[in-house]
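I have placed the structure first, in the form of structure tokens, so that the comments after it can refer back to it.
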Amino acid sequence: MGSCCDAMCNFFGRQKNTNVRISLPAVCFVWQIAMIILFGVFIRYDKESDVRLWHEYKKSHNTTSDIENDFYFRYPSFQDVHVMIFVGFGFLMTFLKRYSFGGVGFNFLIAAFGLQWALLMQGWFHSLDLDTGKISIGVESLINADFCCAGSLIAYGALLGKVSPVQLLVVTLFGVTLFAVEEFIILDLLHCRDAGGSMVIHAFGGYYGLAISWVLYRPNLNLSKMRNGSVYHSDVFAMIGTLFLWMFWPSFNSAITDHGDGQHRAAINTYIALASSVLVTVAISSMSQKHGKLDMVHIQNATLAGGVAMGTAAEFMITPYGALIVGFCTGIISTFGYLFVTPFLERALKLQDTCGIHNLHAVPGMLGGFIGAIVAAAATVDVYGREGLISVFDFEGDFADRTVGTQGGFQAAGTCVSIAFGLVGGAIVGFILKFPIWGDPADDNCYDDEVYWEVPEEEETIPPVLEYNNHMTYKHQDITESNFSVEQS
Amino acid sequence: MGSCCDAMCNFFGRQKNTNVRISLPAVCFVWQIAMIILFGVFIRYDKESDVRLWHEYKKSHNTTSDIENDFYFRYPSFQDVHVMIFVGFGFLMTFLKRYSFGGVGFNFLIAAFGLQWALLMQGWFHSLDLDTGKISIGVESLINADFCCAGSLIAYGALLGKVSPVQLLVVTLFGVTLFAVEEFIILDLLHCRDAGGSMVIHAFGGYYGLAISWVLYRPNLNLSKMRNGSVYHSDVFAMIGTLFLWMFWPSFNSAITDHGDGQHRAAINTYIALASSVLVTVAISSMSQKHGKLDMVHIQNATLAGGVAMGTAAEFMITPYGALIVGFCTGIISTFGYLFVTPFLERALKLQDTCGIHNLHAVPGMLGGFIGAIVAAAATVDVYGREGLISVFDFEGDFADRTVGTQGGFQAAGTCVSIAFGLVGGAIVGFILKFPIWGDPADDNCYDDEVYWEVPEEEETIPPVLEYNNHMTYKHQDITESNFSVEQS
Amino acid sequence: MGSCCDAMCNFFGRQKNTNVRISLPAVCFVWQIAMIILFGVFIRYDKESDVRLWHEYKKSHNTTSDIENDFYFRYPSFQDVHVMIFVGFGFLMTFLKRYSFGGVGFNFLIAAFGLQWALLMQGWFHSLDLDTGKISIGVESLINADFCCAGSLIAYGALLGKVSPVQLLVVTLFGVTLFAVEEFIILDLLHCRDAGGSMVIHAFGGYYGLAISWVLYRPNLNLSKMRNGSVYHSDVFAMIGTLFLWMFWPSFNSAITDHGDGQHRAAINTYIALASSVLVTVAISSMSQKHGKLDMVHIQNATLAGGVAMGTAAEFMITPYGALIVGFCTGIISTFGYLFVTPFLERALKLQDTCGIHNLHAVPGMLGGFIGAIVAAAATVDVYGREGLISVFDFEGDFADRTVGTQGGFQAAGTCVSIAFGLVGGAIVGFILKFPIWGDPADDNCYDDEVYWEVPEEEETIPPVLEYNNHMTYKHQDITESNFSVEQS
């Protein structure tokens, strides 16, 4: 028993080897080849992107109008979402002084793999034609695939700087899989509405990342403390991420809502909620610091809380002032989270959350789910009209008799499902990642691009001209190797 | 009398206190709560974003086509404008070596507050339903709100680095208010056309900022001179702002023009004018320097002059070569402004204009207003067609009998109104900002993020290894605290 | 004969003079004025952007629907392409440690000039009305003009850091001219399909730049070797370029394809191909380095190979797994190119290719042309439907009887034409650029912004506080002038 424990300790605690020269290419190649085979077996164009089917569709609907192709309803929003996934999330994670390559680069890798796997997983659950055995994809599938990656990218936020790219690919494989399952349960079985993904994306992704990070707790992480911070220009880079997320969030929440009023209203609500979050974030950030100075961490993150929290309710008739209130409250909660909850979680729960996804995604996402439940339960025929109620909540088919009150209950239940999936799934994945085969860095080696990237030499600093005076010779030697010696003649 | 003057001098000249820990949160909270209340009382969805109204509209117009919703005409342009406001203006102002946080961060704050207030102010003037007392908002309202903020952001350009965030919120409150009034006078009373806002946005915003800056003249600003400049990478950051403004300006000028040919033509004209500005800016910049070297200040700013100057005329039939000529002339004027006028204004008029908004917004905006007047006056039935003339100039209702000559006169008058509003409004706001309660920095403390931001420690430079030789010991101490001492043993 | 040779050697080899104070403004002004005159003579709005014509068109087609204006089909894609040209290409070339101004700034200049000349050249070849002698332009013309610039911008990638802005304007003048001719031959005479420009843009631009660079071989370029590399933050800037190219490539390949299914399918195919390129690039990059570290050069470039290679086939029914395979193969080939071919070309062929356009544009573009040929030849009525086949390959008019097999042959021929134009045209332009009148830098002066830009003083480093101890005085003098002296008292 003792020796078994010892062996296990040795197994899990042995000297870290961060060489991923075999594992990373192997995983990339095997998975990419698997994608090619599975795409070959399953994935085809849908009726709006297949030339034969679209010509037949137009003929059968007696129209010549290409503008009714879903492409024109959704492609601009798709591109905005795409920017959020790659530039938004990517640059938001460049804030660390020596992990900008890893922030934006691994984000790129995760998303590029995740979206392929998402097209398959979401296809199997949502658009598999049981007759032909094929999945049909169109522009809405691309948006959903991007959304699906977002869950794993959020999780990456908690793990930033502490894991290897191979681990991240594992996080993504399981993350996308879990996402597709919980999404199927929440949207199809519980028949919830969640266009902007407060529940399925943010609450799930947030708790998934937190659970993984909790399992992977590093007791000696303070050995890397000196690299866990920003420098001036890395904070400016991170603002690129923040702003593209902030600006395009109205597209995120409206990308897959109903044509017409649905997309229009979701964009307006999100726009308004986000504006309100900015002001309260500035207020709380300033209040919390001596001299009222603002903290870039808050500005980069908590300003986005309103967008997360409107993910479910944006398509509902929450009213413009309702949107303002949501942004107001979640902005405050999120900033307080950065001030008090993240340090508390680390101290008390041994939970290390690099980007503070607890405050930006987990909690606002959860709140967004419940806000959606309340707004749904409060819907009336007076406000929505009878047809509007049916169209907004999809009260059709099996769900034709559902009341708004019931819908509210299911929305709340859906939020709980997403959290449960995140926590349980994350714990399991975290345990898998503890196996010492994934090339993760040692505790004193975290937040450092040197581990997985060829990093260029330091920026040339000004060669200090050491003048010779009197009895002493100062020789400037080899400034490119970053040292200078001082000699006395 | 004397003691009164003394007291006043003391009042206005006392030691600067830049602590905004109470004032900034207080202003943010009070104003945000006011917004919530006012939105609650006044703001509702319009008929294209309200689910009940849109269903009724479609039924009454006997259509099922959601693509006719204004969302699909304007949302892509809206997102481009949104990027210009937050990333374009924001990053354009990151060029200072130690004020990048303030440039992009306060821009964010101003715009997020301004757009809420703009929705109200513009709503009261333009879309208040007198029966219900409600304002209806849709995607066009969002674009207009972004436009309205632009005026205050332009003003910020003149004040960059010299004011506190509280002052900026005051600038924005009054800026948006003045904007809504002058816009109502120019567009509704004078019935001018100004889709891209040469007059209402650029000329107004430019002169508003200049007037404020003139009142706030700082005689000892040269104490901060060493920070009033760029470093290599801050100039590259600023190019992000420049390029996003440049690329999306066609969307800016076409965002709220007439559906169909109007948006199409405005985009083409702006695209062409901007291209021409780039070449002449490069030419003048190169001519002005020894060895023909280019100056980043010119490339970052004067290349945009063509877009500003096309703000009014872009929707008219100015012809492609007309657009080229506009870009050509205003590009030259703007670059000359940076070379000669800004230094002259500072020296002779005691006007400190950090970003040179005089050359990028005030003068090209004014010129754009007059160009619009000329192009309007030169319109003919031959070129526009009878229906075209009516649709482009809105010669309907009370204005059905107006001639193009009269229209040209009113366009010119509108330009003067916008300048007058900017100058008078700016002078008043400037005086308000002189009260020593706003937390602005002292003259030797300008252009410095340290005042309002928690700035990370300096970028780790390479620890200089001081070798020990012969009789001397060089100890390297505490490089993270940015100093090293040299001791002799 | 000998003295003639000597004279020639002297002529071509004389001391480099990089002063462009006369030549650069002269070229800019002359060309811009020429543009104004030529636009005045030739260019008019097309029927969708001219107010009179659009009103007549709507009346004659008995419609009131503005949404059918081509603007709404293509403007969002146009803006994405515009971002790729200015931010994508521009920031991709900021990776050098001291040539970021030149990378993004000259890219801006080239594109702003090139698009004007392209509107004329493409107009003469494609949309000249022989009755009126006028060219009609609309949003599709703007997209094509941006595409046309891309060829010259790609060529700039090979020349980065080694040429003067005047030379670049010459490269662009000829590049756009050659582009318009080869495009006319390939698209009109050979009747090829090439919506995303694998052939006409990438293969042409790539070989054009390589041929120029080969002629301009600099034997002593290693004198500038220390500046031919990146620093940490310049690599992060370059990722902005990479990501905007990567994200918007679906818009690039779909911008001018057929309305409806054509745009829809092209976007999907490109999205999928690009995802696959990322994984294989990471795999090969990791395999190639000790410890499996990733190389930023590969991530910044080879990840885009799938987009280049899908330029021709994206609008065909290549199927989603076909797209994955294309991205897979070209990603591998491109990364291998960076590892082995670029060094080989420099060593064996005396070909200096700063950005490695051989691996990102020339080879993937050529492959894309042949992939398009194969996919075209494999098209069947079964897959496309009869109408679909006609619409995708434009088998109408003179080409109504062409078979898909013949089409495939012509596609392959078109690829060869584009390469031939690039190589021959590039060689000629290269020879023109060898004349010693263009102000290019000397071999030891390459990759340096100091030559053509006013570069700000170095970033303030931490002022080293040299403490006084015992017998020695260390005086800190004028740190802003970047030196410190050490004196002994």
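Note on B:HIS61: accessible area is roughly 110 Å² with a 1.4 Å probe, heavy atoms of protein only.
Relative to 2.2 N^0.38 Å, what does the C-alpha radius of gyration of the stretch C:230-340 come to as a ratio? Two decimals please. The partial results should precede the final answer.
On the way: Rg = 14.5 Å, N = 111, 2.2 N^0.38 = 13.2 Å.
So the Cα radius of gyration is 1.10 times the expected 2.2 N^0.38 Å.
The fraction of all Cα pairs in the stretch C:8-136 landing in successive 10 Å bins from 0 to the largest distance is 10, 24, 31, 20, 10, 4, 1, 0, given as whole percents. Coordinate range of the alpha-carbon atoms in chain A per principal axis, descending: 95, 58, 55 Å. Our coupling estimate for the stretch B:374-388, obtained by passing each phi through the Karplus curve with A = 6.51, B = -1.76, C = 1.60 and θ = phi - 60°, is 5, 5, 5, 5, 8, 5, 10, 4, 4, 7, 8, x, 5, 4, x Hz, Gly and Pro reported as x.
Measuring nothing but how far apart in sequence close Cα pairs (under 8 Å, 6+ apart) lie, relative to its length, chain A scores a relative contact order of 21 percent.
Across the stretch A:85-200, Cα pairs under 8 Å and at least six residues apart give a relative contact order of 27 percent.
Rounded to the nearest 20 debye, the dipole magnitude of the protein assembly as shown is 1520 debye, with +1 charges on Lys and Arg beta carbons, -1 on Asp and Glu beta carbons, and the Cα centre as origin. Across all directions, the average projected area of the convex hull around the alpha carbons of the protein assembly as shown is 59.4 nm².
The stretch A:285-326: D in µm²/s via Stokes-Einstein (Kirkwood Rh, Cα pairs, 37 °C, 0.692 mPa s)? Could you put the intermediate results ahead of the total?
Working: Rh = 12.0 Å.
After rounding, the answer is 275 µm²/s.
Modelled this way, with points 7 Å down the Cα-to-C-beta line, the labels at C:LYS290 and B:HIS291 are 3.9 nm from one another.
Could you please state how large a percent of the accessible area of chain B is carbon and sulfur, counting protein chains only and using a 1.4 Å probe?
Numbers: 9570 of 15620 Å².
For chain B, the apolar C and S fraction of the accessible surface comes to 61 percent.
Evaluated over the Cα positions of the stretch A:281-435, the convex hull gives a direction-averaged projected area, one quarter of its surface, of 11.6 nm². Among chain C residues, the one whose Cβ is nearest the axis of the rotation from C to A, given with its distance rounded to whole Å, is C:PRO76, 3. Kirkwood hydrodynamic radius computed over the stretch A:243-288 comes to 11.4 Å, based on all pairs of distinct alpha carbons.
In the protein assembly as shown, what % of DSSP beta bridges are antiparallel (nearest 5)? Of all bridge pairs located within the protein assembly as shown, approximately 45 percent are antiparallel. Sorted from nearest, the other copies put their A:PRO343 label points 5.1, 5.1 nm away, the label point being 7 Å from Cα in the direction of Cβ. Remark: chain A carries 32 Å² of accessible area per residue (probe radius 1.4 Å; ligands, DNA and RNA excluded). For B:LYS225, the accessible area of its heavy atoms, probed at 1.4 Å with every protein chain present, is near 140 square angstrom.
What total accessible surface area, summed over both chains, is buried at the interface between chains A and B, computed with a 1.4 Å probe and given in Å² to the nearest 100? Could the numbers behind the result be given before it?
Details: alone 23260 and 23210 Å², together 38810 Å².
Counting both chains, the buried surface is close to 7700 Å².
Working note: Debye formula, equal point scatterers on the alpha-carbon atoms of the stretch B:74-127, no solvent; log10 I(q)/I(0) at q = 0.22 Å⁻¹ is -0.85. Pairwise alpha-carbon distances in the stretch B:104-239 exceed 17 Å for 63% of all pairs.
Rounded to two decimals, the Cα radius of gyration of the stretch A:306-382 over 2.2 N^0.38 Å is 1.26. For chain B, lysine pairs with C-alpha atoms less than 19 angstrom apart, excluding pairs fewer than eight positions apart on the same chain, total 13.
All C-alpha to C-alpha distances of the stretch A:177-231, sorted into 10 Å bins beginning at zero, yield P(r) values of 20, 34, 21, 18, 7 percent in whole numbers. The contact residues of the stretch C:258-276, meaning those that lose at least 20 Å² of 1.4 Å-probe accessible area when all protein chains sit together rather than their chain alone, are C:HIS259, C:GLY260, C:ASP261, C:GLN263, C:HIS264, C:ARG265, C:ALA267, C:ILE268, C:TYR271, C:ILE272, C:ALA275.
Taken along the Cα-to-beta-carbon direction at a fixed 7 Å, the label points for B:ALA348 and B:ASP444 span 3.3 nm. Over the stretch A:111-188, the pair-distance histogram of Cα-Cα distances with 5 Å bins from zero comes to 3, 16, 26, 22, 16, 9, 5, 2, 1, 0 percent, rounded to whole numbers.
The values are calculated or read from the model by the stated rules, or taken from the named source; none is laboratory data. Owing to the predicted nature of the structure, the values given are computational and were not obtained by experimental measurement. We place every Cβ from the backbone using ideal geometry, glycine too, and count neighbours over all the protein chains shown. Protein only, heavy atoms only, side chains kept; ligands, DNA and RNA dropped before computing areas. Shrake-Rupley method; radii C 1.70, N 1.55, O 1.52, S 1.80 Å.
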